[in-house]
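For reference, the structure is listed below as structure tokens.
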Amino acid sequence: MPAQVYAYAESNDVANSVGNYIIKHQNAALQSGETFKIALSGGSLGKVLKKALVDNKDIAAEVNWDKWEVYFSDERLVPLDHEDSNYGLFNSLVLKNLPAHIVLPKVYTIDESLVTGKDGQVQDVDIEKDLEIASKYESNLPKGAKFDVILLGCGPDGHTCSLFPGHKLLNERSKLIAYISDSPKPPPRRITFTFPVLENATTIAFVAEGAGKAPILKEIFEDKHTKLPSKLVNDLTTGVQVSWFVDNSAIEGVGIVPSKY
Ligand SMILES: O=C1O[C@H](COP(=O)(O)O)[C@@H](O)[C@H](O)[C@H]1O
């Protein structure tokens, strides 16, 4: 299934389109099941989610938060209220801005006590603990590690989740959640979805904005041989529908014909 690319001049339109996409897949999931299982990323996606799910009142009214199960496609091994935490970003930008009457979603976070220790202080690097964080997170994944939607970012180096170009985790097949201690982008200690989880999703959407993303999108869409992580996701042949929500500057000079969602 070839990836669909949806492009807009304005950032608000990108966000609204992402919001409509989420609602469509939420409704489809709730027609056949009791919960909507979504995985989020960090980085620039946080602001997009706020614009889409909090600020746009029409979309906000359609979100069945109480039926959502929220996971993170990757997480940095820092306390949950740390500025680098992907959960922390979603919490501060979205969850904390929801009206008081909203029943909050079930959100699956890393076990913070393994990062901070019982005294609440961040502990020194302890690979065994970090592996335990990854395997605990894996044990909480939905049945069959099946997500209705996975929302991804694409770093300027082509990384997605915490899967970095050329890294050995690109070949990880036995673990669904893997630990990385040498992330080239700080912070170095993280956990991440692996390819078996991405391959199994119903739908995956990338969100990428800004001229800084244009060179890497050019490589992803024009270089058949590149092995960038985002390209590997883009080329999945397991039946997952991959979409891109971008602004015009992110695809400036890229040879693709975008659509409107
Ligand atoms: O480190 C990370 O970066 C990617 C890409 O972030 P962006 O700001 O360039 O969109 C993000 O998707 C991932 O969750 C995060 O941990």
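At-a-glance table
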item	result
Accessible area of region 4-251 belonging to carbon and sulfur atoms, whole % at 1.4 Å probe	49
Cα-centre dipole for the chain with unit charges at Cβ (Lys and Arg positive, Asp and Glu negative), debye to 20	460
Estimated FRET transfer efficiency when R0 is 25 angstrom, pair Ser11-Ala61 (beta carbons, to 0.05)	0.70
Relative contact order of the chain, pairs being alpha-carbon contacts under 8 Å that are 6 or more residues apart, as %	25
Full-stretch length increase - Lys218, Val107 - with 0.36 nm per residue and alpha-carbon distance subtracted	36.5 nm
Extension gain, Met1 back to Val125 (0.36 nm per residue minus Cα-Cα distance, nm)	40.5 nm
Accessible area per residue, Å², region 172-261 with all protein chains present, probe 1.4 Å	43
Mean separation of Cα contacts under 8 Å, 6 or more apart, over the residue count of region 1-153: relative contact order %	28
Fluctuation leader among Leu152, Leu77, Leu232 - the chain, Gaussian network, Cα springs under 10 angstrom	Leu232
Over 21 Å between alpha carbons, listed pairs Lys50/Lys146; Lys67/Lys118; Lys185/Lys227; Lys47/Lys227; Lys129/Lys175	Lys50/Lys146; Lys67/Lys118; Lys47/Lys227
Pairwise label distance in nanometres, Asp157 with Ser92, each label 7 Å out on the Cα-Cβ vector	2.4
Positive minus negative residues near Ile180 (Lys, Arg vs Asp, Glu; Cβ under 13 Å)	+1
Helix-only mean residue ellipticity at 222 nm for the chain, each DSSP H run of n ≥ 4 adding -39500 (n - 2.57), per residue, nearest 500	-8500 deg cm²/dmol
Estimated FRET transfer efficiency when R0 is 25 angstrom, pair Glu132-Ser32 (beta carbons, to 0.05)	0.15
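The values are calculated or read from the model by the stated rules, or taken from the named source; none is laboratory data. Quick caveat, the model's predicted, so the values are computed rather than measured. Please note: Cβ atoms are built from the backbone with ideal geometry, for glycine as well, and neighbour counts cover all protein chains shown. In case anyone asks, the SASA skips ligands and DNA or RNA and just uses the protein heavy atoms, side chains included. Shrake-Rupley method; radii C 1.70, N 1.55, O 1.52, S 1.80 Å.
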